[in-house]
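A.B. asks: Take a look at the following structure, please.
The values are calculated or read from the model by the stated rules, or taken from the named source; none is laboratory data. Not measured: the values here are computed from a predicted model. Cβ coordinates were reconstructed from backbone atoms using ideal geometry, including for glycine residues, and neighbour counts include every protein chain displayed.
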Amino acid sequence: MKILIADDDPQILRALRITLGARGYEIITAVNGAEALNEAIAQRPDIFMLDLGMPELDGIQVIQGLRGWTQSPILVVSGRTGAAEKVEALDAGADDYVTKPFSIDELLARIRALTRRVPNQEAAPITRIAKIEINLAAKTVTRDTPDSTQLVRLTPTEWQVLEVLVQNAGKLVTRQSLLTEIWGSEHITDTGYLRLYVAQLRKKIEPDPSRPRYLLTEPGMGYRFMPDRRREHPPVANVDAQ
């Protein structure tokens, strides 16, 4: 079991590395929020332990970055004891919250409880299609050019649609589930929203938007993101014009 511990206090990092390492856990450490996200992408830990008051990116920003691509358990270990801080962390996507100082027995019990929630398989945080890179952690899309890497600007809703599809790469995502997740259950029949946003996404990331290779339509059902050329169904030209 691999645990990433992010805290700017070197004494806490050292103590937890020794204590948890002695119990068989593989420990990765980070001293700031940016390093935590980089290590998360590189190492793919099973559980995250985060302090809230870190430099560069604080704990809330790290949680938000992680939740863009992983559902692995997040345990906040913080000296902030206020109810507002706990609520903010849990709302951002944390699974549990322990205040400092803490007993090692309590911490181990929390970790054991969280290990039962570790998912079996998840989307990779970074996906490449042709010259496009989709980074779920940073919530960015970039395109390689001969001279540089350019940011592909997406609207918040375009990003939400793309994020859901990429998180379910290779799987059919029904129109109803997309509409419910992004706009709410009251818009479950408003399929025009999806046709519009998928068409806009294709213009921004597909080599030939009229013959999509990656954002595929399953007629009458929904959409499927295929990150490579091995697809169950051939692309259909102009399917969203229907």
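A.B. asks: When you look at residue 89, is it out of contact with any Leu (no Cβ under 6 Å at 6 or more places or on another chain), among the small types (Gly, Ala, Ser), surrounded by fewer than 16 Cβ atoms within 10 Å (Cβ to Cβ) and part of a helix (DSSP H, G or I), yes or no?
C.D. replies: no
A.B. asks: Still on this structure: Give me a count of the residues in the stretch 144-176 that are among the aliphatic types (A, V, I, L, M) and without any contact (Cβ under 8 Å) to a residue 24 or more places away in the chain.
C.D. replies: Qualifying residue count, the stretch 144-176: 2.
A.B. asks: Another question about this same structure. Check whether at least one residue in the stretch 42-52 is assigned by TED's automatic domain parsing to the domain that holds residue 102, among the acidic types (Asp, Glu) and free of Cβ contacts under 8 Å to residues at least 60 places away in the same chain, and report yes or no.
C.D. replies: As a first pass, look at the stretch 42-52 and keep what is assigned by TED's automatic domain parsing to the domain that holds residue 102: 42-52.
In the following step, the residues that additionally are among the acidic types (Asp, Glu) were identified as 46, 51.
Applying the additional criterion that residues be free of Cβ contacts under 8 Å to residues at least 60 places away in the same chain yields 51.
Looking through the stretch 42-52, at least one residue is assigned by TED's automatic domain parsing to the domain that holds residue 102, among the acidic types (Asp, Glu) and free of Cβ contacts under 8 Å to residues at least 60 places away in the same chain.
A.B. asks: Say whether the condition of being touching a residue at least 40 places away in the same chain (Cβ under 8 Å) and under 20 Å from residue 21 (Cβ atoms) is met by at least one residue in the stretch 74-83.
C.D. replies: Yes, because at least one residue in the stretch 74-83 is touching a residue at least 40 places away in the same chain (Cβ under 8 Å) and under 20 Å from residue 21 (Cβ atoms).
Matching residues to (1) under 28 Å from residue 72 (Cβ atoms); (2) out of contact with any Ser or Thr (no Cβ under 8 Å at 6 or more places or on another chain); (3) surrounded by fewer than 13 Cβ atoms within 10 Å (Cβ to Cβ); (4) not hydroxyl-bearing (Ser, Thr, Tyr):
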| position | (1), (2), (3), (4) |
| --- | --- |
| 127 | yes, yes, no, no |
| 139 | yes, yes, no, yes |
| 146 | no, yes, yes, yes |
| 163 | yes, yes, no, yes |
| 181 | yes, yes, no, yes |
| 199 | no, yes, no, yes |
| 205 | yes, yes, no, yes |
| 212 | no, yes, no, yes |
| 217 | no, yes, no, no |
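A.B. asks: Yes or no: residue 88 out of contact with any strand residue (DSSP E or B) (no Cβ under 9 Å at 6 or more places or on another chain), assigned by TED's automatic domain parsing to the domain that holds residue 47 and over 30 Å from residue 206 (Cα atoms)?
C.D. replies: yes
A.B. asks: Please determine, by comparing only the residues of the stretch 20-33 that are out of contact with any Pro (no Cβ under 8 Å at 6 or more places or on another chain) and either of a type in the set (Ser, Thr, Tyr) or buried (at least 17 other Cβ atoms within 10 Å of the Cβ) (or both), which one is nearest to residue 159 (Cα to Cα).
C.D. replies: 30
A.B. asks: Follow-up question, since we're still on this one. Tally time: how many residues in the stretch 58-116 are of a type in the set (Gly, Ala, Ser) and within 18 Å of residue 46 (Cα to Cα)?
C.D. replies: If we filter the stretch 58-116 for residues that are of a type in the set (Gly, Ala, Ser), which is where we start, we get 59, 65, 68, 72, 78-79, 82-84, 89, 92-94, 103, 109, 113.
Applying the additional criterion that residues be within 18 Å of residue 46 (Cα to Cα) yields 59, 65, 68, 72, 93-94, 109, 113.
Here the count works out to 8.
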